[in-house]
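Heads up, the thing below is written out as structure tokens.
The values are calculated or read from the model by the stated rules, or taken from the named source; none is laboratory data. Nothing here was measured: the structure is a model prediction, and the numbers come from that model. Heads up, the Cβs are rebuilt from the backbone with ideal geometry, glycines too, and the neighbour counts pull from every protein chain shown. Surface accessibility is based on the protein's heavy atoms, side chains included, excluding ligands, DNA and RNA. Shrake-Rupley method; radii C 1.70, N 1.55, O 1.52, S 1.80 Å.
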Amino acid sequence: MEQKSVDYPEIKFLVISDPHIYDKRLGTEGEAFIEYINEDRKLLVESVEIMESAMKMILDSDAPFVLVAGDLTKDGEIMCHEIFIHYLKKIEESGK
């Protein structure tokens, strides 16, 4: 049986994966935090600044869709989710 070729429309989309947003109000000092940072590759302290940079790229892009995958926050802290919600609202308000 011969397969029919399907023409799909061209579409652009952006992907954010594993932003691991961390609210610095949870702390960025102390022996336990330093030990954690030394054992993990996540850029927790810089996560909001990195997200700000990503937001500029997202809002400047003509891609109509943004896919969000992976871990949104460090460990699911509500205050970190509230920060990420702020960014999702900005994306939504842009029409994406």
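Only one of these conditions is not met by E82: (1) part of a loop (DSSP other than H, G, I, E, B); (2) surrounded by 10 or more Cβ atoms within 10 Å (Cβ to Cβ); (3) at pLDDT 95 or above. Which number is it?
Failed condition: (1).
For E39, state whether it is more than 12 Å from the chain's Cα centre (by Cα), over 15 Å from I83 (Cα atoms) and without any contact (Cβ under 8 Å) to a residue 12 or more places away in the chain. Step through it out loud before you land on a result.
Values: more than 12 Å from the chain's Cα centre (by Cα): yes; over 15 Å from I83 (Cα atoms): yes; without any contact (Cβ under 8 Å) to a residue 12 or more places away in the chain: yes.
So E39 fits the description; yes.
Limited to region 58-76, what total is found for residues that are over 12 Å from the mean Cα position of the chain (by Cα) and either open to solvent by 40 Å² or more (accessible area, probe 1.4 Å) or among the β-branched types (V, I, T) (or both)?
Step one: list which residues in region 58-76 are over 12 Å from the mean Cα position of the chain (by Cα), which gives 59-65, 75-76.
Filter once more, so that each one left must be either open to solvent by 40 Å² or more (accessible area, probe 1.4 Å) or among the β-branched types (V, I, T) (or both): 59-60, 62, 64-65, 75-76.
The total comes to 7.
I want to confirm something. Restricting to region 17-26 and keeping residues that are in contact with a Leu (Cβ under 9 Å, 6 or more places away or on another chain) and part of a loop (DSSP other than H, G, I, E, B), which single residue is farthest from I91 (Cα to Cα)?
Applying the filter and picking the extreme gives Y22.
With the structure loaded, tell me whether K24 is open to solvent by less than 80 Å² (accessible area, probe 1.4 Å), at pLDDT 95 or above and among the charged types (D, E, K, R) or whether it fails that test. I'd like the intermediate steps shown before the answer.
Details: open to solvent by less than 80 Å² (accessible area, probe 1.4 Å): no; at pLDDT 95 or above: yes; among the charged types (D, E, K, R): yes.
So K24 fails the test.
Tally the residues that are in a loop (DSSP other than H, G, I, E, B) and open to solvent by 70 Å² or more (accessible area, probe 1.4 Å), restricting the search to region 27-51.
Of the residues in region 27-51, 4 are in a loop (DSSP other than H, G, I, E, B) and open to solvent by 70 Å² or more (accessible area, probe 1.4 Å).
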